[in-house]
Amino acid sequence: MSLAERVISGDVRAAARLITLLEDGSPEALEEIDKLYPNTGRAYIIGVTGAPGTGKSTLIDNLVSGFRHQGKGVGVVAIDPTSALTSGALLGDRIRMQRHSTDDQVFIRSLATRGWAGGLARATLGTVRVMDALGKDIIMIETVGSGQVELDIFRAADTTLAVLTPGSGDDIQMMKAGILEVVDIIVVNKADKEGADYLKSDLETMLAAAKRSGDKWVPPVVLTEATSNKGTEELNDVIFKHREYLFSGRGMEKHRRERVRLELLENIEGFVKDFTNIIKTTADFEIRVDDILKGRAVPRQAAEELINLLAERRQKEKG
(Lines give C-alpha, C1' and ligand atoms only; values in the text may rest on other atoms or scores of the structure.)
Protein backbone atom coordinates (compact mmCIF):
# COMPACT_ATOMS: atom_id res chain seq x y z
CA MET A 1 0.00 0.00 0.00
CA SER A 2 1.13 3.54 -0.70
CA LEU A 3 1.50 6.07 2.13
CA ALA A 4 -1.69 7.79 0.95
CA GLU A 5 -3.66 4.54 1.06
CA ARG A 6 -2.37 3.79 4.55
CA VAL A 7 -3.34 7.28 5.76
CA ILE A 8 -6.86 6.91 4.35
CA SER A 9 -7.16 3.57 6.17
CA GLY A 10 -6.32 5.34 9.46
CA ASP A 11 -2.61 4.52 9.81
CA VAL A 12 -1.21 7.19 12.16
CA ARG A 13 2.42 6.19 11.57
CA ALA A 14 1.96 6.61 7.82
CA ALA A 15 0.46 10.05 8.45
CA ALA A 16 3.44 11.06 10.60
CA ARG A 17 5.86 9.79 7.95
CA LEU A 18 4.08 11.67 5.16
CA ILE A 19 4.13 14.93 7.15
CA THR A 20 7.88 14.53 7.74
CA LEU A 21 8.41 14.07 3.99
CA LEU A 22 6.29 17.18 3.37
CA GLU A 23 8.45 19.22 5.74
CA ASP A 24 11.55 18.02 3.91
CA GLY A 25 10.07 19.06 0.56
CA SER A 26 10.13 15.53 -0.82
CA PRO A 27 8.63 15.11 -4.34
CA GLU A 28 7.25 11.77 -3.13
CA ALA A 29 5.23 13.59 -0.46
CA LEU A 30 3.63 15.90 -3.02
CA GLU A 31 2.60 12.91 -5.14
CA GLU A 32 1.05 11.23 -2.09
CA ILE A 33 -0.86 14.43 -1.20
CA ASP A 34 -2.29 14.43 -4.74
CA LYS A 35 -3.61 10.91 -4.07
CA LEU A 36 -5.13 12.02 -0.74
CA TYR A 37 -6.88 15.06 -2.17
CA PRO A 38 -10.17 13.36 -3.22
CA ASN A 39 -10.53 12.06 0.36
CA THR A 40 -10.27 15.50 1.98
CA GLY A 41 -12.55 18.50 2.50
CA ARG A 42 -14.66 17.17 5.35
CA ALA A 43 -12.76 18.51 8.38
CA TYR A 44 -13.70 21.74 10.17
CA ILE A 45 -10.58 23.89 10.49
CA ILE A 46 -10.03 26.30 13.37
CA GLY A 47 -7.17 28.80 13.39
CA VAL A 48 -5.74 30.22 16.60
CA THR A 49 -3.49 33.27 16.41
CA GLY A 50 -2.05 35.70 18.92
CA ALA A 51 1.18 37.11 20.28
CA PRO A 52 3.63 35.01 22.34
CA GLY A 53 2.58 34.55 25.96
CA THR A 54 -1.17 34.84 25.40
CA GLY A 55 -1.74 31.21 26.37
CA LYS A 56 -2.74 29.85 22.97
CA SER A 57 -1.39 26.34 23.57
CA THR A 58 -3.13 25.92 26.94
CA LEU A 59 -6.36 27.20 25.42
CA ILE A 60 -6.08 24.72 22.54
CA ASP A 61 -5.37 21.92 25.01
CA ASN A 62 -8.63 22.73 26.83
CA LEU A 63 -10.60 22.94 23.58
CA VAL A 64 -9.26 19.56 22.45
CA SER A 65 -10.62 18.03 25.67
CA GLY A 66 -14.02 19.59 25.02
CA PHE A 67 -14.13 18.35 21.42
CA ARG A 68 -13.17 14.84 22.54
CA HIS A 69 -16.03 14.84 25.07
CA GLN A 70 -18.28 15.57 22.09
CA GLY A 71 -16.89 12.49 20.35
CA LYS A 72 -14.89 14.42 17.75
CA GLY A 73 -11.55 13.25 16.36
CA VAL A 74 -9.08 16.13 16.60
CA GLY A 75 -5.88 17.13 14.81
CA VAL A 76 -3.59 19.93 15.99
CA VAL A 77 -0.99 21.60 13.79
CA ALA A 78 1.28 23.70 16.02
CA ILE A 79 3.57 26.06 14.14
CA ASP A 80 6.79 26.71 16.05
CA PRO A 81 9.81 28.95 15.46
CA THR A 82 12.68 27.23 13.70
CA SER A 83 15.82 26.08 15.49
CA ALA A 84 18.84 27.62 13.77
CA LEU A 85 20.81 24.41 14.36
CA THR A 86 18.33 21.75 13.29
CA SER A 87 15.76 23.62 11.14
CA GLY A 88 13.19 21.79 13.26
CA ALA A 89 10.36 23.01 15.47
CA LEU A 90 11.87 24.65 18.55
CA LEU A 91 9.13 24.66 21.18
CA GLY A 92 7.44 21.33 20.55
CA ASP A 93 3.80 21.97 21.47
CA ARG A 94 3.23 18.24 21.81
CA ILE A 95 5.03 18.46 25.18
CA ARG A 96 2.38 20.93 26.40
CA MET A 97 -0.43 18.61 25.33
CA GLN A 98 0.98 15.34 26.67
CA ARG A 99 -2.24 14.36 28.41
CA HIS A 100 -3.73 13.63 24.96
CA SER A 101 -0.78 11.46 23.85
CA THR A 102 -2.52 8.19 24.73
CA ASP A 103 -5.72 9.15 22.88
CA ASP A 104 -5.61 7.64 19.39
CA GLN A 105 -8.31 10.08 18.27
CA VAL A 106 -5.99 13.06 18.82
CA PHE A 107 -3.12 13.68 16.40
CA ILE A 108 -0.75 16.52 17.32
CA ARG A 109 2.11 17.67 15.13
CA SER A 110 4.57 20.57 15.47
CA LEU A 111 5.91 22.16 12.30
CA ALA A 112 8.87 24.51 11.94
CA THR A 113 8.41 27.76 9.99
CA ARG A 114 11.85 27.37 8.30
CA GLY A 115 11.69 31.00 7.25
CA TRP A 116 8.17 30.77 5.78
CA ALA A 117 6.30 34.06 6.37
CA GLY A 118 2.69 34.67 7.39
CA GLY A 119 2.68 32.75 10.68
CA LEU A 120 2.37 29.34 9.00
CA ALA A 121 4.91 26.76 7.83
CA ARG A 122 5.23 25.73 4.19
CA ALA A 123 3.91 22.26 5.01
CA THR A 124 0.87 23.52 6.97
CA LEU A 125 -1.86 23.05 4.38
CA GLY A 126 -0.45 19.70 3.29
CA THR A 127 -0.43 18.58 6.93
CA VAL A 128 -4.05 19.67 7.27
CA ARG A 129 -4.88 17.55 4.21
CA VAL A 130 -3.16 14.53 5.81
CA MET A 131 -5.11 14.93 9.06
CA ASP A 132 -8.33 15.43 7.09
CA ALA A 133 -7.74 12.22 5.11
CA LEU A 134 -6.89 10.46 8.38
CA GLY A 135 -10.48 11.16 9.43
CA LYS A 136 -10.12 13.99 11.93
CA ASP A 137 -13.38 15.94 12.37
CA ILE A 138 -11.73 19.10 13.68
CA ILE A 139 -8.25 20.38 12.88
CA MET A 140 -6.76 23.25 14.87
CA ILE A 141 -3.87 25.36 13.56
CA GLU A 142 -1.83 27.39 16.04
CA THR A 143 0.28 30.10 14.42
CA VAL A 144 3.88 30.73 15.37
CA GLY A 145 3.01 33.75 17.55
CA SER A 146 5.84 35.89 16.25
CA GLY A 147 4.19 39.10 17.39
CA GLN A 148 3.67 39.99 13.74
CA VAL A 149 0.34 40.07 11.96
CA GLU A 150 -0.29 36.55 10.66
CA LEU A 151 -2.97 37.00 8.02
CA ASP A 152 -2.51 33.65 6.25
CA ILE A 153 -4.36 31.91 9.07
CA PHE A 154 -7.55 33.79 8.20
CA ARG A 155 -7.46 32.27 4.72
CA ALA A 156 -6.41 28.80 5.87
CA ALA A 157 -9.12 28.28 8.52
CA ASP A 158 -12.92 28.14 8.54
CA THR A 159 -13.10 29.84 11.93
CA THR A 160 -10.29 31.97 13.34
CA LEU A 161 -9.72 32.90 16.98
CA ALA A 162 -7.51 35.83 17.95
CA VAL A 163 -6.18 35.46 21.49
CA LEU A 164 -5.34 38.59 23.49
CA THR A 165 -4.46 39.36 27.10
CA PRO A 166 -5.20 42.43 29.25
CA GLY A 167 -2.54 45.14 29.37
CA SER A 168 -0.63 43.97 26.30
CA GLY A 169 -1.81 46.62 23.85
CA ASP A 170 -2.82 43.86 21.41
CA ASP A 171 -6.17 45.53 20.73
CA ILE A 172 -4.44 48.57 19.25
CA GLN A 173 -2.17 46.38 17.12
CA MET A 174 -5.18 44.43 15.84
CA MET A 175 -7.01 47.61 14.92
CA LYS A 176 -3.99 48.93 13.02
CA ALA A 177 -3.54 45.64 11.17
CA GLY A 178 -7.17 45.38 10.10
CA ILE A 179 -7.65 42.09 11.92
CA LEU A 180 -10.94 43.27 13.40
CA GLU A 181 -12.37 43.18 9.88
CA VAL A 182 -11.53 39.50 9.34
CA VAL A 183 -11.39 37.73 12.73
CA ASP A 184 -14.33 35.48 13.69
CA ILE A 185 -13.96 35.24 17.48
CA ILE A 186 -11.81 37.20 19.93
CA VAL A 187 -10.63 35.52 23.12
CA VAL A 188 -9.46 37.63 26.05
CA ASN A 189 -7.39 35.06 27.92
CA LYS A 190 -5.95 35.44 31.43
CA ALA A 191 -9.23 37.17 32.27
CA ASP A 192 -8.36 37.14 35.97
CA LYS A 193 -5.88 39.94 35.26
CA GLU A 194 -6.83 43.56 35.86
CA GLY A 195 -8.35 45.28 32.84
CA ALA A 196 -9.96 42.20 31.25
CA ASP A 197 -13.52 43.54 31.42
CA TYR A 198 -12.40 46.93 30.12
CA LEU A 199 -10.56 45.27 27.20
CA LYS A 200 -13.66 43.19 26.38
CA SER A 201 -15.87 46.30 26.34
CA ASP A 202 -13.32 48.25 24.29
CA LEU A 203 -13.08 45.46 21.72
CA GLU A 204 -16.85 45.10 21.44
CA THR A 205 -17.12 48.82 20.70
CA MET A 206 -14.44 48.60 17.99
CA LEU A 207 -16.01 45.49 16.47
CA ALA A 208 -19.41 47.14 16.26
CA ALA A 209 -17.83 49.98 14.26
CA ALA A 210 -15.65 47.78 12.03
CA LYS A 211 -16.58 47.36 8.38
CA ARG A 212 -16.83 43.67 7.50
CA SER A 213 -17.70 43.57 3.79
CA GLY A 214 -21.37 42.67 4.21
CA ASP A 215 -20.69 39.93 6.77
CA LYS A 216 -23.57 39.77 9.26
CA TRP A 217 -21.49 37.91 11.83
CA VAL A 218 -20.31 40.22 14.63
CA PRO A 219 -17.31 38.56 16.33
CA PRO A 220 -18.08 37.82 19.98
CA VAL A 221 -15.50 38.54 22.66
CA VAL A 222 -15.09 35.64 25.09
CA LEU A 223 -13.31 35.84 28.46
CA THR A 224 -11.25 32.78 29.41
CA GLU A 225 -8.75 31.64 32.01
CA ALA A 226 -6.99 28.81 30.22
CA THR A 227 -4.98 27.65 33.24
CA SER A 228 -8.18 27.01 35.23
CA ASN A 229 -10.32 26.07 32.19
CA LYS A 230 -12.82 28.88 32.89
CA GLY A 231 -14.70 30.08 29.84
CA THR A 232 -13.68 27.12 27.65
CA GLU A 233 -17.22 25.71 27.49
CA GLU A 234 -18.61 29.08 26.41
CA LEU A 235 -15.86 29.40 23.79
CA ASN A 236 -16.67 25.91 22.50
CA ASP A 237 -20.33 26.93 22.09
CA VAL A 238 -19.39 30.14 20.26
CA ILE A 239 -17.10 28.24 17.87
CA PHE A 240 -19.94 25.91 16.85
CA LYS A 241 -22.35 28.83 16.52
CA HIS A 242 -19.94 30.32 13.98
CA ARG A 243 -19.78 26.99 12.18
CA GLU A 244 -23.58 26.92 11.98
CA TYR A 245 -23.53 30.50 10.69
CA LEU A 246 -21.08 29.56 7.93
CA PHE A 247 -23.20 26.61 6.81
CA SER A 248 -26.44 28.65 6.93
CA GLY A 249 -25.22 30.85 4.08
CA ARG A 250 -22.32 30.76 1.65
CA GLY A 251 -19.71 31.52 4.30
CA MET A 252 -18.16 28.05 4.34
CA GLU A 253 -17.93 28.00 0.55
CA LYS A 254 -16.18 31.39 0.64
CA HIS A 255 -13.72 30.27 3.33
CA ARG A 256 -12.84 27.08 1.50
CA ARG A 257 -12.38 28.94 -1.77
CA GLU A 258 -9.86 31.19 -0.01
CA ARG A 259 -8.06 28.15 1.35
CA VAL A 260 -7.78 26.60 -2.11
CA ARG A 261 -6.49 29.94 -3.46
CA LEU A 262 -3.82 29.98 -0.73
CA GLU A 263 -2.92 26.34 -1.39
CA LEU A 264 -2.63 26.96 -5.14
CA LEU A 265 -0.41 30.01 -4.59
CA GLU A 266 1.81 28.06 -2.19
CA ASN A 267 2.23 25.31 -4.79
CA ILE A 268 3.11 27.88 -7.46
CA GLU A 269 5.64 29.51 -5.13
CA GLY A 270 7.09 26.09 -4.37
CA PHE A 271 7.49 25.30 -8.07
CA VAL A 272 9.13 28.68 -8.69
CA LYS A 273 11.54 28.16 -5.78
CA ASP A 274 12.46 24.66 -6.97
CA PHE A 275 12.79 25.96 -10.54
CA THR A 276 15.20 28.67 -9.36
CA ASN A 277 17.30 26.20 -7.36
CA ILE A 278 17.67 24.00 -10.44
CA ILE A 279 18.50 26.86 -12.82
CA LYS A 280 21.29 28.32 -10.69
CA THR A 281 23.20 25.02 -10.68
CA THR A 282 23.29 24.67 -14.48
CA ALA A 283 26.13 25.54 -16.86
CA ASP A 284 23.64 27.65 -18.84
CA PHE A 285 23.25 29.92 -15.80
CA GLU A 286 26.99 30.66 -15.70
CA ILE A 287 27.00 31.22 -19.47
CA ARG A 288 24.29 33.88 -19.03
CA VAL A 289 26.29 35.49 -16.21
CA ASP A 290 29.25 35.79 -18.60
CA ASP A 291 26.98 37.20 -21.32
CA ILE A 292 25.71 39.92 -18.96
CA LEU A 293 29.23 40.81 -17.78
CA LYS A 294 30.44 41.10 -21.39
CA GLY A 295 27.48 43.21 -22.46
CA ARG A 296 25.94 40.55 -24.69
CA ALA A 297 22.73 40.34 -22.62
CA VAL A 298 20.77 42.10 -19.87
CA PRO A 299 19.51 40.30 -16.70
CA ARG A 300 15.80 40.26 -17.59
CA GLN A 301 16.45 38.88 -21.08
CA ALA A 302 18.86 36.25 -19.73
CA ALA A 303 16.38 35.19 -17.04
CA GLU A 304 13.62 34.72 -19.61
CA GLU A 305 15.93 32.64 -21.82
CA LEU A 306 16.90 30.39 -18.90
CA ILE A 307 13.29 29.82 -17.87
CA ASN A 308 12.27 28.95 -21.42
CA LEU A 309 15.28 26.66 -21.82
CA LEU A 310 14.58 24.72 -18.63
CA ALA A 311 10.86 24.53 -19.39
CA GLU A 312 11.63 23.01 -22.80
CA ARG A 313 13.95 20.43 -21.22
CA ARG A 314 11.36 19.49 -18.58
CA GLN A 315 8.74 19.08 -21.30
CA LYS A 316 11.03 16.78 -23.32
CA GLU A 317 11.72 14.68 -20.20
CA LYS A 318 7.97 14.24 -19.63
CA GLY A 319 7.29 13.55 -23.33
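The values are calculated or read from the model by the stated rules, or taken from the named source; none is laboratory data. Note that this is a predicted model, so its numbers are computed, not measured. Using ideal geometry, Cβ is built from the backbone for each residue, glycine included, and neighbour counts are taken over all protein chains shown.
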**OP:** Only residues in the stretch 144-161 that are within 20 Å of E253 (Cβ to Cβ) and modelled with pLDDT of 85 or more count as the first member; pair them with residues that are of a type in the set (K, R) and part of a helix (DSSP H, G or I), Cβ under 8 angstrom, at least 6 apart or cross-chain, and list the lot.
**Re:** A156/R259; A157/R259; D158/R243; D158/R256; T159/R243
Subject >> E317 vs. criteria among the charged types (D, E, K, R) and either in contact with a strand residue (DSSP E or B) (Cβ under 8 Å, 6 or more places away or on another chain) or within 30 Å of T159 (Cβ to Cβ) (or both) >> reply: no
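Does the stretch 229-241 contain at least one residue that is among the aromatic types (F, W, Y), farther than 24 Å from N62 by Cβ and either part of a helix (DSSP H, G or I) or assigned by TED's automatic domain parsing to the domain that holds K72 (or both)? Explain how you work it out, then say what you get.
Of all residues in the stretch 229-241, those among the aromatic types (F, W, Y) come to 240.
Subset that is farther than 24 Å from N62 by Cβ: none.
Within the stretch 229-241, none of the residues are among the aromatic types (F, W, Y), farther than 24 Å from N62 by Cβ and either part of a helix (DSSP H, G or I) or assigned by TED's automatic domain parsing to the domain that holds K72 (or both).
Can you name every residue in the stretch 44-62 that is among the polar types (S, T, N, Q) and touching a Gly at 6+ places or on another chain (Cβ under 8 Å)? Explain how you work it out, then say what you get.
Filtering the stretch 44-62 down to residues among the polar types (S, T, N, Q) leaves 49, 54, 57-58, 62.
Residues satisfying the conditions are T49, T54.
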Original post:
Does any residue in the stretch 237-251 that is in contact (Cβ under 8 Å) with a residue 60 or more places away in the chain and at positive phi come within less than 8 Å, Cβ to Cβ, of a residue that is surrounded by 14 or more Cβ atoms within 10 Å (Cβ to Cβ) and of a type in the set (A, V, I, L, M) six or more places away or on a different chain, and which pairs are these?
Top reply: none
Subject >> Criterion (outside the structural domain of G41 (by TED's automatic domain parsing) and exposed (fewer than 12 other Cβ atoms within 10 Å of the Cβ)) met by exactly one of G270, G295 >> reply: G295
Original post:
If you go through the stretch 168-186, how many residues are at pLDDT below 70 and either under 16 Å from P220 (Cα atoms) or outside the structural domain of R155 (by TED's automatic domain parsing) (or both)?
Top reply: 3
Subject >> the stretch 236-267 - residue that is buried (at least 16 other Cβ atoms within 10 Å of the Cβ) and of a type in the set (D, E) and, of those, farthest from D137 (Cα to Cα) >> reply: E266
**OP:** Give the number of residues within the stretch 1-36 that are farther than 25 Å from N277 by Cβ, at pLDDT 90 or above and of a type outside the set (D, E, K, R).
**Re:** 11
**OP:** Find the residue count for the stretch 237-258, including only residues that are of a type in the set (D, E, K, R) and farther than 17 Å from P220 by Cα.
**Re:** 6
Subject >> Filtered residue count, the stretch 275-295, keeping only those that are assigned to a helix (DSSP H, G or I) and in contact (Cβ under 8 Å) with a residue 24 or more places away in the chain >> reply: 4
Subject >> Which numbered condition V76 fails, given (1) surrounded by 15 or more Cβ atoms within 10 Å (Cβ to Cβ); (2) modelled with pLDDT under 90; (3) farther than 24 Å from F275 by Cα >> reply: (2)
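So, of the residues in the stretch 187-225 that are among the small types (G, A, S) and surrounded by 14 or more Cβ atoms within 10 Å (Cβ to Cβ), which turns out to be modelled with the lowest pLDDT?
Of the residues in the stretch 187-225, the ones among the small types (G, A, S) are 191, 195-196, 201, 208-210, 213-214.
Checking which are surrounded by 14 or more Cβ atoms within 10 Å (Cβ to Cβ) leaves us with 191, 195-196, 210.
On the way: A191: 93, G195: 91, A196: 93, A210: 74.
Among those residues, the one meeting the criterion is A210.
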